[in-house]
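Since every read-out is calculated from the coordinates, none of them should be taken as a lab result. Here the structure is a predicted model, which means the values were calculated and not measured. Here the Cβ positions follow ideal geometry from the backbone for every residue, glycine too, while neighbour counts run over all protein chains shown.
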Amino acid sequence: MKVTGFTIIKNAIKFDFPIREAILSVLPLCDDFVVAVGDSEDDTRAMIQSLAPGKIKIIDTVWDKNLNLNGAVLAAETNKAFQAIGSDSDWCFYIQGDEVLHEKYYEVIRNGIMRWKDDTRVDGLLFKYLHFYGSYDYVGVSSKWYRNEIRIIRNHKNIYSYLDAQGFRKGDNEKLNVKALDAYIYHYGWVREPETMNNKLENTKNFWGGVTLDPSETVYTGSFDYTLIDALEKFKGTHPAIMHERIERMNWKFDYDLSYNNYKFKDKVKNLLEKITGKRLFDYKNYKLLR
C-alpha cells in the first residue's frame, strides 16, 4: 500500500504559515509528498525543498488571478497537486498550510487506511478538528467552526477539490462516502502575530474579494483585533511535537475572559441544544458518513 501526501502553498514565510510543521507532521505516514508551490514573493520554494528532498516533489505553479472570488484558486491549486500524484498510490493525504497532525494519531490513521483499503464503498476518511484562535492556548467552540472534514482520499482522479478547497467531491458534484477516524487535525490559521494576521487577511482579497492587489503598491498596516470573537475555551491538551519550537517563539500576548461570550440569541439556543443532545443543528456536512 502506498500513501502520498499533498498540499499547496504560496508566500508561506511572508504570511507565517506553519507549512513546515504541516508537511513534517504527516510525512511519517506518507511514502512521498507532492507540494504545489505557487509564484511566491519570498523563499517559500527553497524552504519546502530543504525539508525532505528525497521524499518531496515540488510542482511550480502560477495562481490564476482570474480565480479571485470565494477561494476558487485554492481548489484549482489543490487539484494541480492531486493530479500530479502517480497512479501507484492508493491513498492521498491532504494537509493545508495551517493544519498540523498530532503524532498521537499515527496508529489510528494507519489502522484506518489498512482497514478500509479494499472497501470500495469508501472514498475518503474523515477527521475531527480543533480550531486554535488568538494563541495556542484557546480553541473556538461556537457553531461557526467546522467540526469535521475529509483529509484522506482515494487516488481516484474523478475526485476533486471543492469550492474553496475545504473538502472534496467526485463526479458530477457528488459527496464522498467516508469513514470517520478518531483523530484530530489541529488548525492554526487564526494564530499569528496580530500585524501578520492582519496582513494575511488583507491579502486574501486577492482570492476571496474579487479584487487583485498589486504587492508592489500595497502596504498593509494595522493589527488584527483578536477580541472580536464569540466564544473560546482553554485548550487542555498537548500540541504536536513538531509545533513546540514555533510555540516557544510566540512573541505576543493574548488572554481571553472565559466567562464572556458574544453569542447572538439564536447561537445561544443552538449551543445549548448541542450541549444537551451532542448534535449540532443545521451542521454543514460536505460528505456522506458510512456506518
Based on alpha-carbon positions alone, could you give the equivalent ellipsoid semi-axes of the stretch 13-102 from the gyration tensor, as √(5λ), descending, whole Å? 20, 16, 13
Amide H neighbours of ALA231 under 5 Å, counting only residues 5+ apart in sequence or on other chains, H built in-plane at 1.01 Å? VAL141, SER142, ASN262
Please go through the residue pairs LYS2/LYS234; LYS55/LYS253; LYS144/LYS175; LYS55/LYS170 and name each one whose alpha carbons sit more than 32 Å apart in this structure. LYS2/LYS234; LYS55/LYS253
Span per principal axis, largest first, for the Cα atoms of the stretch 102-183 (Å): 40, 31, 17
Per the stretch 1-64, sqrt(5λ) over the Cα gyration tensor eigenvalues, sorted largest first, in Å, gives 20, 12, 10
Note on the chain, DSSP bridge orientation, antiparallel percent to nearest 5 equals 45
Please list the helices of the chain that count as membrane-span-like by this rule: a mean Kyte-Doolittle hydropathy of at least 0.0 together with Cα atoms stretching 15 Å or more along the helix axis, each helix being a complete DSSP H run. 72-83
How large is the convex hull of the Cα atoms of the chain per residue, expressed in Å³ as a whole number? 146
What one gets for the stretch 99-252 as the Kirkwood radius, inverse of mean 1/r over different Cα pairs in Å, is 18.0
Cα gyration tensor, the stretch 64-151 - rounded (a/c under 1.5), prolate or oblate: oblate
May I ask you to order 238-248, 11-21 by the average number of other C-beta atoms within 10 Å around their residues, highest value first? 11-21, 238-248
If you take the square roots of the eigenvalues of the alpha-carbon gyration tensor of the stretch 30-187 and sort them as a ≥ b ≥ c, do you get rounded (a/c under 1.5), prolate (a/b over b/c) or oblate? rounded
With contacts defined as alpha carbon pairs under 8 Å and 6 or more residues apart, what's the relative contact order of the stretch 137-187 in percent? 22
Give the dimensionless ratio obtained when the Cα radius of gyration of the stretch 155-197 is divided by 2.2 N^0.38 Å. 1.65
